[in-house]
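The values are calculated or read from the model by the stated rules, or taken from the named source; none is laboratory data. All values reported here derive from a predicted model rather than from experimental measurement. Ideal geometry is used to build each Cβ from the backbone, glycine not excepted, and the neighbour counts take in all protein chains shown. Surface accessibility is based on the protein's heavy atoms, side chains included, excluding ligands, DNA and RNA. Shrake-Rupley method; radii C 1.70, N 1.55, O 1.52, S 1.80 Å.
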Amino acid sequence: MKRKIIHPLKNNFVFFLISPFLGFIQAFKYYKEDWAKNSVWLFVIFYGYTMYRPEIMDANRYVVNFINLYNTPMSWDVFLANFYTDESDTVDIYQPLITFILSRFTKDGNILFAVFGIVYGYFYSRNIWMVIDLAKGKKVDRTFWILVVAFICVLGFWNLNGVRMWTAAHVFFYGAFQYLVNSKRKGILIASTSFLIHFSFVLPVAALILFAFVKIPWRILYFLFIASFSLSTLNIAAVRAKFESIAPAFLMPRVDRYTNDEYVESVSDLNESAVWYIKYYTNSLMWFIVILFTVIYFKNNKINKDSKSFSNLFGFSLLILTIGNITSLLPSGGRFVLVAQLFGVSLLVYFYTRFDDFMYKRWLVLITPILYFFILISIRISFDTVSFMSIFSNPILAIVVDMPIPLIDLFK
């Protein structure tokens, strides 16, 4: 009997000690192995420890606040008093709580973001494998992996920089996917915890609850989605007034911050100064989704409608994409487009793996260059925070050498 030889590197902890980035790459080669998703998880933690945090980014602001808390300790009572008051606009629990607890022991920003990476990396890796597992029992091909890579890039590990918003996004997707596709009601509860990480997720959570209890026909959802592209402006003052009439009092400081005239102008100026490919790479993915969603909608294939999990995922994807399009007209509201695109791309993977549809595959191959553009620009953006140490070192070396040089510097 031939003895099975186990490769010594097929272990996430061995990869982590030798080269976390190599472990990240190998995870997709050996994606069927139990350890694979944990290699991605461990790499994200390591990335958090070694990431480059320039002054202009949110991550640097979190670290500065962290160091200030260490140098000027705050009592537990004072910390709690900062939540949900008129004097403070602190309404998110996750990031302030982690920062406060760790500041009792250290002021090392690398450790702070490694801890943030524990939560982000867990949900990020699990979300990737939920999408990969859609092909369980089926032969995968290059097109499948291109779609998976696109999903990986929608909110990549490098989005840990915006720890509150994007951690909340992955938690929300994880819970919503569990409910929509796997019919696990606890998924709604998991998705609802995203509100504790970033207050704005009250909107997608409300959409998920609405979808769970009110069955909206595909036809209405599809045409609402298409109609949402025709909107060009929103009355910010009217939106602010509406929020003021329905939002709890503790949310109002944040609502005012995101809808005041100065913030609107600053976001507009920032968008105008962005490099052209930064402006258009998320739009390219949206149009990719629109084209293929239209192909799916007009197929009218009975098997599609008889699949409850597919019907749920397709319907909610249309709803959340519509919300993303509308909120993108608000300052910073465009971030919900990325959340929606997680669902959009996962639906495209679902359809590709579950339904052998010639027309769909033909259109997919035809417009795949759009996906290549999106992936290429996403990887380029990652170079701003992925450091030399993240790729070419390991935890042992990173503890001794602190050299956060961004990869983009190697190409300048």
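Remarks
- With respect to (1) open to solvent by less than 10 Å² (accessible area, probe 1.4 Å); (2) closer than 22 Å to Met57 by Cα; (3) within 12 Å of the chain's Cα centre (by Cα), the lone exception for Arg164 is condition (1).
- Residue within the range 181-202 that is among the hydroxyl-bearing types (Ser, Thr, Tyr), over 12 Å from Asn312 (Cβ atoms) and outside any helix (DSSP H, G or I) present: yes
So that you can scan it fast, the table gives a plain yes or no per residue for (1) crowded, with 20+ Cβ neighbours inside 10 Å; (2) over 23 Å from Val386 (Cα atoms):
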{"position": "Phe105", "(1), (2)": "no, yes"}
{"position": "Val115", "(1), (2)": "no, no"}
{"position": "Phe123", "(1), (2)": "yes, no"}
{"position": "Phe177", "(1), (2)": "yes, yes"}
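- Residue that is free of Cβ contacts under 8 Å to residues at least 40 places away in the same chain, part of a helix (DSSP H, G or I) and out of contact with any strand residue (DSSP E or B) (no Cβ under 9 Å at 6 or more places or on another chain), where the choices are Leu134, Leu147, Leu97, Leu112: Leu97
- Selected residue (criterion: modelled with the lowest pLDDT) from residues of the range 125-139 that are open to solvent by 20 Å² or more (accessible area, probe 1.4 Å) and not charged (D, E, K, R): Gly137
- The set of residues in the range 158-192 being farther than 30 Å from Phe383 by Cβ, among the hydroxyl-bearing types (Ser, Thr, Tyr) and modelled with pLDDT of 95 or more consists of Tyr179, Ser192.
- For the range 357-412, a residue qualifies if it is more than 20 Å from Asp58 (Cβ to Cβ), open to solvent by less than 20 Å² (accessible area, probe 1.4 Å) and of a type outside the set (A, V, I, L, M), and the qualifying residues are Asp357, Tyr360, Thr368, Phe374, Ser393.
- Any pair with Cβ under 6 angstrom, 6 or more apart, that starts in the range 61-77 at a residue that is closer than 24 Å to Gly162 by Cα and ends at one that is open to solvent by 50 Å² or more (accessible area, probe 1.4 Å) and assigned to a loop (DSSP other than H, G, I, E, B): Ile67/Lys107; Tyr70/Lys107
Residue-by-condition table, conditions (1) in contact with a Gly (Cβ under 9 Å, 6 or more places away or on another chain); (2) of a type outside the set (D, E, K, R); (3) within 18 Å of Tyr49 (Cα to Cα):
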position: Leu347; (1), (2), (3): no, yes, no
position: Lys361; (1), (2), (3): no, no, no
position: Val365; (1), (2), (3): no, yes, no
position: Ile370; (1), (2), (3): no, yes, no
position: Phe374; (1), (2), (3): no, yes, no
position: Arg380; (1), (2), (3): no, no, no
position: Ile399; (1), (2), (3): no, yes, yes
position: Asp402; (1), (2), (3): no, no, yes
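- Test: residue in the range 264-281 that is touching a helix residue (DSSP H, G or I) at 6+ places or on another chain (Cβ under 6 Å) and at pLDDT 55 or above: yes
- Scanning the range 1-31 for residues that are at pLDDT below 90 and among the basic types (Lys, Arg) gives Lys2, Arg3, Lys4, Lys10.
- Helices (runs of 4 or more DSSP H) fully within the range 345-412 counting 3 or more residues that are touching a Ser or Thr at 6+ places or on another chain (Cβ under 9 Å): 358-366, 368-382, 388-392
- Residue satisfying condition, being over 30 Å from Val337 (Cα atoms) and surrounded by fewer than 18 Cβ atoms within 10 Å (Cβ to Cβ), within set Trp76, Trp145: Trp76
- In the range 32-66, residue modelled with the lowest pLDDT [restricted to those that are open to solvent by 60 Å² or more (accessible area, probe 1.4 Å) and hydrophobic (A, V, I, L, M, F, W, C)]: Ile56
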